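Participant: The structure under discussion is supplied below as structure tokens; questions concerning it will follow.
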Amino acid sequence: MCGIFGYTGRKEAQPLIIQGLKHLEYRGYDSSGVAIQNGLYSIAFEKTRGKIKNLEEALRRHPLGGHTAIGHTRWATHGTPNQLNAHPHLDNENKIAVVHNGIIENYAHLKEKLKKSGARFRSETDTEVIVHLIAKYYRDDLESAVRRALKDIRGTYAIAVICSKEPGRIVAAKLDSPLVVGIGDKENFLASDVSALLEHTNQVIFVENGDLIVINRDSVKLTNLSGRPVHRPSVKVDWNVAQAKKGGFPHFMIKEIFEQPGIVTAILRERIRNAKIHFDELKITASEFKKIKKIVVIACGTAYHAGLVGKYILEAFADIPVGVDTSSEFRYRNPKVGKDTLVIAISQSGETADTLAGLREAKAKGALTLVICNVLASSLSREAGGVIYTHAGPEIAVASTKAYTAQLALLYLLGFYFAGIFKTLPNSKMRKLLKEFFQIPSKMQRILELYKREETEWAKNAHDFNKRYHAQLEKYFSTDPLKRKRSPNGFFLYLGRGINFPNALEGALKLKEIAYIPAEGYPAGEMKHGPIALIDENPWVICIAPASGTYEKMISNIQEIKARGGIIIPIITEGDNQMRKLNPLYSIEIPRCSELFSPLVTVLPLQLIAYCAAREFGEDIDQPRNLAKSVTVE
Ligand code: F6R
């Protein structure tokens with residue numbers, strides 16, 4: 001939620017800030033702004049509503065010169081997305097400017113007090129209180145004023161502050177919102193995440209909660225809120241700038257979809273050595289794991305769906321009961337976890353506020369905690385008892401794809417790891433399964449090749465769908481009562497069973513978030529308990545039906561839909577003639593693989609369907625409306 005970028009050095013700051021904000025735009029994109037020290041009494045700034053290209057355009061007309069600047073891209077929490085509410089926010093005299101990611105909980109109270117002492121508020125945001133507080137405490141020392149102001153604030157923040165009276169200096173602070181310092185050669189940077197820094201440096205300092213940072217052109221100083229120096233090591237990150245670019249693909253989402261077979265292969269190579277699973281960074285010992293009697297997985301969105309697949313995997317491999325909860329439910333439910341429980345948090349960003357709160361709740365109850373996470377040194381990975389990194393590289397598209405398959409791959413490996421500890425699978429079976437696992441990336445690759453070969457066909461199908469969909473909407477909303485149909489308008493139902501049921505949820509989520517088409521995921525066996533009432537010739541039913549132990553049951557469920565005039569699009573194993581007899585609208589064939597590993601394969605067509613539909617509808621695929629990549633607010 002919201003991206004922050006800061007620069008101080010010899011170069012012109014404006015283009016660097018714009019470039020940095022573009023890398024962070026996935027975090028929020030309803031408005032943006034920049035504040036620059038230009039050597040005058042007051043700070044120069046520009047803010048615009050909408051995407052960063054609007055800010056860029058405004059700055060092209062009125063460039064701001066200077067070598068120290070802060071920028072912000074916003075995902076609105078308090079106050080509508082407009083120019084006034086965009087960051088930076090400035091004090092009465094425009095000599096101090098602040099950008100902020102997080103939420104100030106006691107802002108209303110502070111605002112009233114500050115107004116009484118003369119602060120003139122220009123926005124509806126919670127953030128603006130920060131700058132007026134800093135101005136109130138400012139006595140020619142920005143660092144002390146920020147430190148003092150933060151004592152009055154309750155909430156979460158990553159902030160960056162500049163003052164026209166202190167050239168070349170940025171003061172920043174962090175509490176529960178991400179912030180990274182990038183170390184350059186006679187220049188230093190601040191950013192909400194590493195991907196925005198890679199153009200300039202891969203030498204970074206991961207700032208911790210409670211740190212206050214002062215960066216100048218050739219120094220970085222870290223202290224705690226009481227002013228005591230703190231030491232944070234500078235780390236070399238192994239992500240590279242190419243990973244944070246589209247690399248010839250039209251969108252990050254499709255690039256990331258295509259990266260998946262390579263990522264799963266890399267995970268297998270990294271983690272399996274001498275037929276043993278290695279989690280070098282884990283920190284939890286086998287004897288600690290041996291004490292657990294149950295596992296609870298907590299996560300949100302796509303990561304939650306990975307957790308649901310994880311339940312099937314871990315129960316099958318490790319023979320241990322596994323519960324799965326959305327983090328936002330878990331944290332408020334007084335969950336029954338304790339010393340005998342392993343709580344696994346799954347998160348791409350490692351910053352999701354609900355998952356972080358869930359993890360803290362689990363720790364407070366004495367549970368052993370482990371996080372599966374993509375972003376190095378994220379809040380979750382720092383707070384959990386143990387960590388396993390997915391190493392999928394930066395995921396830039398807001399809709400998660402490669403992080404999901406990477407999470408699944410790690411859950412399989414964790415299953416093998418536990419099977420080794422709990423002795424739940426004979427070695428011969430483990431070897432057989434591992435051998436099978438190694439073949440999965442090439443099966444994933446075959447689907448992507450099929451898509452590349454038949455891209456025009458996929459686009460044609462999406463176009464055909466678009467036409468039918470709009471015809472359906474017309475019928476539904478027609479003012480002519482004879483034409484109007486009393487039935488739901490065009491929507492998608494995704495059905496799956498067993499280990500592929502979570503993919504039904506995931507396919508529906510992808511379609512909703514990037515193509516804005518109503519979609520529901522359902523366990524196919526549940527259809528007859530209600531949702532079948534929706535079936536007529538309107539909904540499009542995507543049936544995830546690879547060869548499996550419940551294939552015959554799935555066929556019966558599909559027959560029930562066909563019998564009521566439903567349109568079916570099955571995802572089937574190649575060579576499946578039985579499904580063809582049901583006369584599907586289209587069918588998508590996947591290579592034959594065991595049911596256990598099939599979610600890694602069946603999810604690819606689901607991601608591609610959503611991508612093609614969103615592209616056909618002309619939607620902003622990488623930055624869907626109302627969403628942000630990491631949800632650091634409740
Ligand atoms: C869906 C999506 C979101 C995230 C969710 C959790 O495509 O991206 O549903 O999966 O916000 O985010 P992380 O994994 O960062 O905790």
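The values are calculated or read from the model by the stated rules, or taken from the named source; none is laboratory data. This one's a predicted model, so the numbers in the text were calculated from it and none came from an experiment. All Cβ positions, glycine included, derive from the backbone under ideal geometry; neighbour counts span all protein chains shown. These area figures cover heavy atoms from the full protein model, side chains too; ligands, DNA and RNA do not enter into them. Shrake-Rupley method; radii C 1.70, N 1.55, O 1.52, S 1.80 Å.
Participant: Tell me which of these Glu395 doesn't satisfy, since it passes every other one: (1) out of contact with any Lys or Arg (no Cβ under 9 Å at 6 or more places or on another chain); (2) within 11 Å of the ligand (Cβ to nearest atom); (3) assigned to a loop (DSSP other than H, G, I, E, B); (4) not hydrophobic (A, V, I, L, M, F, W, C).
Facilitator: (1)
Let's see how each residue does on (1) among the charged types (D, E, K, R); (2) within 15 Å of the ligand (Cβ to nearest atom):
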{"site": "Glu315", "(1), (2)": "yes, no"}
{"site": "Val337", "(1), (2)": "no, no"}
{"site": "Tyr404", "(1), (2)": "no, yes"}
{"site": "Leu410", "(1), (2)": "no, yes"}
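Participant: With the condition kept exactly as written, say whether any residue in region 358-370 is near the ligand (Cβ under 8 Å from one of its atoms) and aliphatic (A, V, I, L, M).
Facilitator: no
Participant: Say we look at region 158-215 and pick out the residues that are touching an Asp or Glu at 6+ places or on another chain (Cβ under 6 Å) and farther than 21 Å from Thr352 by Cα; which of these is surrounded by the fewest Cβ atoms within 10 Å (Cβ to Cβ)?
Facilitator: Lys186
Participant: Just give me the residues in region 71-101 being of a type in the set (Gly, Ala, Ser) and either open to solvent by 10 Å² or more (accessible area, probe 1.4 Å) or modelled with pLDDT of 95 or more (or both), in sequence order.
Facilitator: Matches in region 71-101: Gly71, Ala76, Gly79, Ala97.
Participant: Here's a follow-up. Could you please find all residues in region 535-561 being open to solvent by 60 Å² or more (accessible area, probe 1.4 Å) and in a helix (DSSP H, G or I)?
Facilitator: If the condition is that a residue be open to solvent by 60 Å² or more (accessible area, probe 1.4 Å) and in a helix (DSSP H, G or I), then Glu552, Lys553, Gln559 are the ones that fit.
Participant: A follow-up question, please. Quick one: count up the residues across region 38-47 that are open to solvent by less than 20 Å² (accessible area, probe 1.4 Å) and either on the phi > 0 side of the Ramachandran plot or out of contact with any Lys or Arg (no Cβ under 7 Å at 6 or more places or on another chain) (or both).
Facilitator: Going through region 38-47 one residue at a time, the tally reaches 1.
Participant: In region 255-272, what residues are assigned to a helix (DSSP H, G or I) and open to solvent by 10 Å² or more (accessible area, probe 1.4 Å)?
Facilitator: Those that are assigned to a helix (DSSP H, G or I) and open to solvent by 10 Å² or more (accessible area, probe 1.4 Å): Lys255, Phe258, Glu259, Gly262, Ile263, Thr265, Ala266, Arg269, Glu270.
Participant: Is it the case that Glu281 is within 16 Å of the ligand (Cβ to nearest atom) and assigned to a loop (DSSP other than H, G, I, E, B)?
Facilitator: Judged against the criteria, Glu281 is not a match.
Participant: Which pairs turn up if I take residues in region 69-82 that are assigned by TED's automatic domain parsing to the domain that holds Asp30 and look for partners that are small (Gly, Ala, Ser) and assigned to a strand (DSSP E or B) with beta carbon separation below 6 Å, at least 6 apart in sequence or on another chain?
Facilitator: Hits for this filter: Ile70/Gly6; Ile70/Ala35; Ile70/Ala160; His72/Gly33; Thr73/Gly3; Thr73/Ser32; Arg74/Ser31; Pro81/Ser31.
This table checks each residue for (1) assigned to a loop (DSSP other than H, G, I, E, B); (2) touching a residue at least 60 places away in the same chain (Cβ under 8 Å).
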{"position": "Arg564", "(1), (2)": "yes, no"}
{"position": "Ile571", "(1), (2)": "no, no"}
{"position": "Ala610", "(1), (2)": "no, yes"}
{"position": "Ala614", "(1), (2)": "no, yes"}
{"position": "Gly618", "(1), (2)": "yes, no"}
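Participant: Which residues, taken from region 353-373, are surrounded by fewer than 22 Cβ atoms within 10 Å (Cβ to Cβ) and outside any helix (DSSP H, G or I)?
Facilitator: Lys365, Gly366
Residue by residue, here is whether (1) assigned to a loop (DSSP other than H, G, I, E, B); (2) in contact (Cβ under 8 Å) with a residue 40 or more places away in the chain; (3) in the same structural domain as Gly66 (by TED's automatic domain parsing); (4) touching a Gly at 6+ places or on another chain (Cβ under 9 Å) holds:
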site	(1), (2), (3), (4)
Lys165	yes, yes, yes, no
Ala172	no, yes, yes, yes
Leu190	no, yes, yes, yes
Ile213	no, yes, yes, no
Pro233	yes, no, yes, no
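Participant: Any idea how many residues of region 557-588 are aliphatic (A, V, I, L, M) and within 19 Å of Pro599 (Cα to Cα)?
Facilitator: The qualifying residues number 4.
Participant: Among the residues of region 382-391 satisfying the criterion of being surrounded by 24 or more Cβ atoms within 10 Å (Cβ to Cβ) and away from the ligand (no atom under 11 Å from the Cβ), which is farthest from Ala158 (Cα to Cα)?
Facilitator: Residue satisfying both the conditions and the ranking: Ile388.
Participant: Now for a separate question. So which residues in region 398-425 are assigned to a helix (DSSP H, G or I), within 22 Å of the chain's Cα centre (by Cα) and of a type in the set (Ser, Thr, Tyr), if there are any at all?
Facilitator: Tyr404, Thr405, Tyr412
Participant: Ok, one more. Consider only pairs whose beta carbons are under 9 Å apart and that are at least six residues apart or on different chains; among these, list those whose first residue lies in region 490-507 and is assigned by TED's automatic domain parsing to the domain that holds Leu408 and whose second residue is charged (D, E, K, R) and surrounded by 24 or more Cβ atoms within 10 Å (Cβ to Cβ).
Facilitator: Listed pairs, sorted by first residue: none to list.
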